[in-house]
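Nothing in this text is a laboratory measurement; each read-out follows from the coordinates by a stated rule. Remember, it's a predicted structure, so these values are computed and weren't measured experimentally. Ideal geometry is used to build each Cβ from the backbone, glycine not excepted, and the neighbour counts take in all protein chains shown.
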Amino acid sequence: MRTLRTLAAVTSAVATTVALTLTATVTATASPPPAPAPAPAPVAGSVQDGKIKVPGFLAPTDLPPHASSKWRAWPVTAGVPGPEPYCLDKGAIPAGAGTYHRFFRTEYDTEAGQTAVVTKSAEAAKKLAGSLGARVLACADGWLDTAPGGSSAGWRDYGTVAGGAHVYGVDSSVPDSEPSVHLFAIGRDGATVTAVNWGEMGSLKRVPIAAFKKTATTAVEKLYP
């Protein structure tokens, strides 16, 4: 699905999520309390007794090949990447223990990054993945709100790939300047969420989407192989 928007046509969407809370009341009795239930099995990637298993990350060879340059990779580093990824900035990625990132770059303008966030539960990870996906979908409209007159931006939802990651694309253009394009993959394994971003000069008309979908699948598979 392809959506293109200019400053002359501004759209907005409001999503409302309703949470239902079920409260149970238990009446105490004089009988001895039952034996405690067995502890639940650990969820992949969850925080266990304050100890966090650092997720696995992509290697340079896992990224879409560049026609004229090899990919270089920086070490996996704790914390939110700085600067924050395009469309996933302004606090979209939670800071603190359990957040890690890695940066990749070619000799030219093409660059990429991966962030992984170890949350406290699979439900928390599902919520975070949904939030990051919503940020990407709203990115083009948000960028146009402050862009110069005559600018344009668009986005495309490429759907879900093997491993469950969802892939998106966003491009933008300012008058008298080169356009830029970005691809995103948001996925999770258990309680861990990963976000992969790729960008260069260009538009959605010409992006390595097939190769990036493979990257998205690999990113999820490598979290906890």
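Phi angles of segment 101-108 translate, via the Karplus equation with coefficients 6.51, -1.76, 1.60 and θ = phi - 60°, into HN-Hα couplings of 8, 9, 10, 10, 8, 9, 6, 10 Hz per residue; Gly and Pro are given as x. The length gained by stretching the chain between Ala138 and Arg206 to full extension, at 0.36 nm per residue less their Cα-Cα distance, is 22.3 nm.
Here the Karplus curve 6.51 cos²θ - 1.76 cosθ + 1.60, taken at θ = phi - 60°, turns the phi angles of segment 158-169 into couplings of 8, x, 9, 10, 4, x, x, 5, 9, 10, 9, x Hz, with x standing for Gly and Pro.
Principal axis extents of the C-alpha atoms in segment 74-225 (largest first, rounded to whole Å): 46, 29, 28.
For a quick protection proxy, order the peptides 135-143, 83-91, 190-198 by their average other-Cβ count within 10 Å, most packed first.
190-198, 135-143, 83-91
Simple spin-label estimate for Ala97 and Asp145 gives 3.5 nm between the two label positions (7 Å along the Cα-to-Cβ direction from each Cα). Here the extension length gained between Lys126 and Glu178 equals 15.1 nm, from 0.36 nm per residue of separation less the Cα-Cα distance. Working ranking of peptides 65-71, 164-170, 94-100, 179-185 by packing, defined as the average number of other Cβ atoms within 10 Å per residue, highest first, is 179-185, 164-170, 94-100, 65-71. Around the amide H of Tyr224, modelled in the peptide plane, lie the amide H atoms of Gly56, all under 5 Å away and 5 or more residues distant in sequence or on another chain. When the C-alpha to C-alpha distance is required to be over 25 Å, the pairs from Lys51/Lys126; Lys90/Lys214; Lys70/Lys205; Lys90/Lys222; Lys70/Lys213 that qualify are Lys90/Lys214; Lys90/Lys222.
Counting 0.36 nm for each residue step from Glu221 to Arg72 and taking away their Cα separation leaves a gain of 51.5 nm.
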